[in-house]
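Have a look at the structure below before the remarks.
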Amino acid sequence: VRCNQSKKDTTIDIALVGDSHAEHLFLGLAEALTDKNVVYYSQGGTTPTFDNPKYKKIFKHLLASDTIGTVIFGMVIQGSLGSSRDKNIENKILNTVNMLIASGKDVYFADDVPVFPFGVERCQWTRWPFIKKCDTDKEFIDSTQDFYLRSLEHVKQSAPRLRLIHLKEHLCDEQTCSMVHNGLLMYRDNNHLSIYGSKYIGAQIVAEYPELKN
């Protein structure tokens, strides 16, 4: 388990749980929530559910904690929900979410940032015969996330207290999605946020959900 927290020698307030797509939100949320101790618990390539052996100890810890009041999930779209609707996986996520909510925690699930069909080096520099490329069609990104987003919506329908954090809208307009925002590179590879990207997205999340500061 990869784990880090924003403040040492103090109780934890907010836990990020998932794979590297939860982990890359950590820096930005920690910076935007200076009065909170934020931690991430990260396992690569597996779905964060209570019945998953790799996450079982993590969720037992979360359920037992009296100080962790908020849990935020994040995972890559190419995971279990990435290619088709899997009712079994949806139910496992729903059961995990409901267990956390029943224990008195506020639960959020972040959808995914755009995953680009080219590497970040195409946006950083060019070399003949390549053309510098930082953008891709939003229609393409939408198509890659369709099953994933619909699955999260199905989970939310059964758990109305679950809050969904929409990330794509902060990196896309109506037609394109870009690795660059305000002249800064938001990505470190084709699917992970850079330091700048994490800080930007973290600030947007807290602006959308200011109750995270409480």
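The values are calculated or read from the model by the stated rules, or taken from the named source; none is laboratory data. Treat the numbers as computed from the prediction; the structure is a model and nothing was measured. All Cβ positions, glycine included, derive from the backbone under ideal geometry; neighbour counts span all protein chains shown. Surface accessibility is based on the protein's heavy atoms, side chains included, excluding ligands, DNA and RNA. Shrake-Rupley method; radii C 1.70, N 1.55, O 1.52, S 1.80 Å.
Before moving on, here are some points about what is shown:
- Extension gain, T67 to E153, is 28.1 nm, computed as 0.36 nm per intervening residue step minus the present C-alpha separation.
- Residue of F73, F118, F26 that the Gaussian network model of the chain assigns the largest fluctuation, springs spanning Cα pairs under 10 Å: F118
- Fraction of accessible area attributable to carbon and sulfur, the chain (%, probe 1.4 Å): 49
- Distance between modelled label sites at D9 and N182, nm, 7 Å Cα→Cβ extension: 3.4
- The modelled label-to-label distance between K60 and N91, using points 7 Å beyond Cα along the C-beta direction, is 2.5 nm.
- GNM top mover of R163, R188, R122 - the chain, alpha-carbon springs below 10 Å: R122
- Angle of helix 87-102 to the longest C-alpha principal axis of the chain, folded into 0 to 90 degrees and rounded to 10: 50°.
- Considering helices alone, the calculated mean residue ellipticity of the chain at 222 nm is -11000 deg cm²/dmol, with DSSP H runs of length four and up weighted by -39500 (n - 2.57) and normalised per residue.
- Note that the chain presents 49 Å² accessible area per residue, ligands and nucleic acids not counted, probe 1.4 Å.
- Answer label, with Cα extents along the principal axes in Å calculated from the coordinates and candidates (i) 86, 40, 28; (ii) 57, 40, 28; (iii) 56, 36, 34: (ii)
- Free-standing Cys, the chain [no other Cys Cβ under 4.7 Å]: C3
- Label-to-label distance, nm, for residues given as E174 and D135 (7 Å Cα→Cβ offset): 1.4
- Amide hydrogen neighbours beyond the local backbone of L193, cut-off 5 Å, H modeled: R188
- Restraint check, K54/K138; K54/K168; K57/K199; K57/K133; K36/K92; K7/K133, Cα-Cα greater than 32 Å: K54/K138; K57/K133; K7/K133
- Within straight-line cross-link reach of K87, lysines at Cα separation under 16 Å, skipping those fewer than 8 residues along the same chain: K156
- In this structure, the amide hydrogen of V76, modeled 1.01 Å from its nitrogen in the peptide plane, lies closer than 5 angstrom to those of D19, H21, counting only residues at least 5 positions away or on a different chain.
- Fluctuation leader among Q204, Q43, Q157 - the chain, Gaussian network, Cα springs under 10 angstrom: Q157
- In degrees, nearest ten, helix 195-208 long axis to first principal axis of the chain (Cα): 60
- Against the chain, whose longest principal axis is taken from its Cα atoms, helix 53-64 shows a tilt of about 60°.
- Most simply put, the chain has about 40% antiparallel DSSP beta bridges, counting only bridges with both residues inside it.
- Once backbone amide H atoms are built at 1.01 Å from N, Y41 has L16, V17, G18 as its partners under 5 Å, excluding neighbours fewer than 5 places away on the same chain.
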